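Computed from the coordinates by the stated procedures, all read-outs in this text should not be read as laboratory data. Here the structure is a predicted model, which means the values were calculated and not measured. Cβ sites come from the backbone with ideal geometry, for glycine too, and all protein chains shown count toward neighbours.
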Amino acid sequence: MPPRRSAPPSQPKGAFPGAGELPLPERLVLGEILSPGLDAGARLAPMRGLAAKYGVTYLTLSRAVAKLSKAGVVKTEGRHGMFVQSLTCAVRHCGRRPVVALVTLTGDYHIRPLVAELAGALHGEGLQTVEHLIRHGGADQTGALRDFVERWRPCALVARLPNDYPHLAYFSELYDRQRLPVVFIENEAPFPAPRVHVGDREGGRLAARHLLELGHRKLAWFGGIFDLHDPLDPASQVPEAARRASRERYSGFRDGLADRGIAEAPASVGLSIFHPASQAHGVERILDLVDGGVTAFGCSSDLGAAWFRELLLHHGIEVPARVSVVGFDAESEAAPGVRLTSVDPRTDEIVRQVVAWVRDELHRPQSARGESRVITPALFVGETTVAPPSVIRHRNERH
């Protein structure tokens, strides 16, 4: 029988939770300093009032204040009172490490390149990174995350989770009560942490526009090898965040066609590699669309585009000579040896924004509170899109 996990020691009311190794009086003062709404220069309650509030002696509290004053956290000005000198010093005094925690969802393949690039950029800022993977729907996720944060004592946390993740209350506790900088990528949160997200819908529109400019007029959408359009396996093992991104990309693809006066929605198809019947049904549907005259497909990801390209080649359908394919995510390793035409979510811009917010929040907690930024994607034209055969023939006949 596995040993029972001991409950963490309870925090005295008012003590700053991120400073468990400090003496209680110092933690009580830090709890006042790092409470929401206070900035450098703010005046704190008189020491006698704080001593009475927390049930400690004035002498004990004054010793704690003297230590915090020496550390640059507070400054005392005689009868004028006690003031916050530096929130940065306060956070450092709590013993937080120069480590940024990256919290992501297991199976969220869309974000892996971004996580690697973000870790590299944070290392360049002198910050280490540790990653915590969360299984959507798993039991006791808050307990596991709490243990992770208490173990590493990070100075900031960057998260990419679905909007329906049921344990966001703990993130709110970290941000509002413990003043731990929290930055979200993509997902919304029920508290005003800064958020950066990609304009997935605009990316889908870019893909459609590119194919139409090449001369394609009969287009379709491939949801992916796991994805949301699978009629036989709707759950299909994909995190909600990835499903939402795919839906937004498909909606943008439809918008791109409508912008050019094509009112009819493009056919869409998806399949699950975990479900043989679904896979067979999806392959048959794809081949029927090509036989029916579809000359170009937008894909919800580069992973799906690479698989889709191999499928077409396996059935003797040349890419791009007969069918053009556009992916999404600009993953250079998705199709080794081939440069996919792909919508680039500009992870460099996402990383730059996240790092800037982390840096700002470390120096001035909650300075980015409530900020939100949308990153506009770009199109990378690779080797998997050309004009359709009919346009190429027409050009050759003209010349």
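Local charge sum around Arg373 (other residues, Cβ-Cβ under 10 Å, Lys/Arg +1, Asp/Glu -1)?
-1
Antiparallel as a % of all DSSP beta bridges within segment 288-399, to the nearest 5? It would help to have the intermediate numbers written out before the result.
Working: 3 of 9 bridges.
Antiparallel bridges make up about 35 percent of those DSSP assigns within segment 288-399.
Quick one: 3J(HN,Hα) in Hz for segment 361-366, Karplus 6.51/-1.76/1.60 with θ = phi - 60°, rounded, Gly and Pro as x.
Running phi through 6.51 cos²θ - 1.76 cosθ + 1.60 with θ = phi - 60° gives 5, 5, 8, 8, x, 6 Hz.
Taking neighbour Cβ counts within 10 Å as the exposure measure, how do Arg97, Arg244 sort from fewest upward?
Lowest count first: Arg97, Arg244.
In terms of the Cα gyration tensor, with a ≥ b ≥ c the square roots of its eigenvalues, is segment 293-399 rounded because a/c is under 1.5, prolate because a/b exceeds b/c, or oblate? Intermediate values should be presented prior to the final figure.
On the way: a/c = 3.98, a/b = 2.65, b/c = 1.50.
Prolate, since a/c reaches 1.5 and a/b exceeds b/c.
Let me know the shape class of segment 323-370, please: from the alpha-carbon gyration tensor, a ≥ b ≥ c as square roots of the eigenvalues, rounded when a/c is under 1.5, otherwise prolate if a/b is greater than b/c, or oblate.
Verdict is prolate for segment 323-370.
Is segment 24-93 best put as rounded, prolate or oblate by its Cα gyration tensor, with a ≥ b ≥ c the root eigenvalues, rounded for a/c under 1.5, and otherwise prolate when a/b is larger than b/c, oblate when not?
Rounded.
Local charge sum around Leu212 (other residues, Cβ-Cβ under 13 Å, Lys/Arg +1, Asp/Glu -1)?
On the way: positive: Arg205, Arg209, Arg217, Lys218, Arg254, Arg260; negative: Glu213, Asp255, Asp259.
After counting each charged neighbour, the total is +3.
Tell me which residues come under 5 Å, amide H to amide H, from Glu131 once H is placed; ignore anything under 5 positions away on its chain.
Leu102
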